[in-house]
């Protein structure tokens with residue numbers, strides 16, 4: 001399966017120091033998923049999306065609401081096997 005990036009966001013914030021909701025590039029990526037422009041998000045490390053327990057709880061609820069997926073280059077499990085190809089749409093990834 002091939003994906004086509006539809007947006008690239010550079011987060012120069014300090015993910016370990018700020019709540020995720022205070023990082024505008026993260027917000028832009030989530031908005032792309034909510035608008036249907038993207039189906040998922042690829043990040044270098046998951047801490048870019050959540051670090052504090054409250055961030056993780058809110059992000060998990062957001063994923064449940066949107067049906068989105070998240071992946072990282074460090075993932076060792078094939079994404080389509082993990083969540084099923086029926087939930088993926090090729091050419092709809094955010095990197």
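Annotations
- Test: residue in region 45-58 that is in contact with a strand residue (DSSP E or B) (Cβ under 8 Å, 6 or more places away or on another chain) and either buried (at least 17 other Cβ atoms within 10 Å of the Cβ) or under 15 Å from residue 72 (Cβ atoms) (or both): yes
- Helices (runs of 4 or more DSSP H) wholly inside the chain that include at least 2 residues being at pLDDT 85 or above: 24-35, 53-66
- Restricting attention to region 15-36, the residues that are in contact (Cβ under 8 Å) with a residue 40 or more places away in the chain and out of contact with any helix residue (DSSP H, G or I) (no Cβ under 8 Å at 6 or more places or on another chain) add up to 2.
The values are calculated or read from the model by the stated rules, or taken from the named source; none is laboratory data. Source: prediction; values computed, not measured. As a convention, Cβ positions derive from the backbone with ideal geometry for all residues, glycine included, and neighbour counts pool all protein chains shown.
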